[in-house]
Amino acid sequence: MKYGYEFRCFDQDALNIVLKDKVKYIEPKYNFLANISLKHNKNLQNVPKDTIFIHYHGFNKPWHEWCFHHLARYFRNYKEISPWKNEPLDKYPTKYRQMRLYAKFYIKNGNFIKAMYWIIRSILKKYKK
């Protein structure tokens with residue numbers, strides 16, 4: 001690990017290395033950070049009124065059909081008035097961490113059969129060679 005950590009987001013990690021010490025910080029309203037995974041539900045309040053851009057980071061995204069976070073409404077409201085309004089949302093999780101989030105949603109809502117299904121899928125995905 002040359003840079004002290006494992007690369008997890010290749011494009012962002014590469015940009016961080018190339019642009020080190022060349023960053024211009026902007027006001028938070030131009031880059032409101034929203035991690036909409038289930039564990040962050042309690043910490044995330046409403047988006048400030050002066051927000052220009054919402055930066056959805058983390059594994060859960062509002063363009064995932066299975067994203068049930070209340071902040072997904074911002075993306076979906078604007079999608080409905082955009083040229084992409086007829087484009088479908090991503091139907092099912094494809095990465096094992098997303099599958100775990102999906103399982104947690106079902107656990108939270110008392111659907112343990114579907115939760116177990118997605119837990120098993122996430123384990124198989126993680127350890128599949």
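Points worth noting:
- Some residue of the stretch 49-65 being touching a Ser or Thr at 6+ places or on another chain (Cβ under 9 Å), within 26 Å of Gln12 (Cα to Cα) and free of Cβ contacts under 8 Å to residues at least 40 places away in the same chain: yes
- Cβ-Cβ distances below 9 Å connect no pair with a first residue in the stretch 11-23 that is hydroxyl-bearing (Ser, Thr, Tyr), a second residue that is in a helix (DSSP H, G or I), and a separation of six or more residues or different chains.
- Cβ-Cβ under 7 Å pairs, at least 6 apart or on other chains, the stretch 80-105 side over 15 Å from Tyr117 (Cβ atoms), far side of a type outside the set (Lys, Arg) and surrounded by 15 or more Cβ atoms within 10 Å (Cβ to Cβ): Leu89/Trp63; Leu89/His64; Asp90/Trp63; Asp90/His64; Lys95/Phe59; Arg97/Phe59
- Annotation note: of Asn86, Asn77, the sole residue that is open to solvent by 100 Å² or more (accessible area, probe 1.4 Å) and polar (S, T, N, Q) is Asn86.
- Residues of the stretch 2-19 that are at pLDDT 85 or above and outside any helix (DSSP H, G or I): Leu19 alone.
- Residue in the stretch 53-111 that is farthest from the chain's Cα centre (by Cα), counting only those that are part of a helix (DSSP H, G or I), farther than 22 Å from Ile123 by Cβ and not small (Gly, Ala, Ser): Glu80
- Subset tally (residues that are at pLDDT below 80 and open to solvent by 90 Å² or more (accessible area, probe 1.4 Å)) for the stretch 20-54: 5
- All of His57, His69 fail the test of being closer than 30 Å to Lys29 by Cα, in contact with a strand residue (DSSP E or B) (Cβ under 7 Å, 6 or more places away or on another chain) and either open to solvent by less than 100 Å² (accessible area, probe 1.4 Å) or at pLDDT 90 or above (or both), apart from His57.
The values are calculated or read from the model by the stated rules, or taken from the named source; none is laboratory data. Everything numeric here is computed off the predicted structure, so don't read it as measured data. All Cβ positions, even for glycine, are placed from backbone atoms using ideal geometry, and neighbour counts span all protein chains on display. Ligands, DNA and RNA are excluded from the accessible area calculation, which covers all protein heavy atoms including side chains. Shrake-Rupley method; radii C 1.70, N 1.55, O 1.52, S 1.80 Å.
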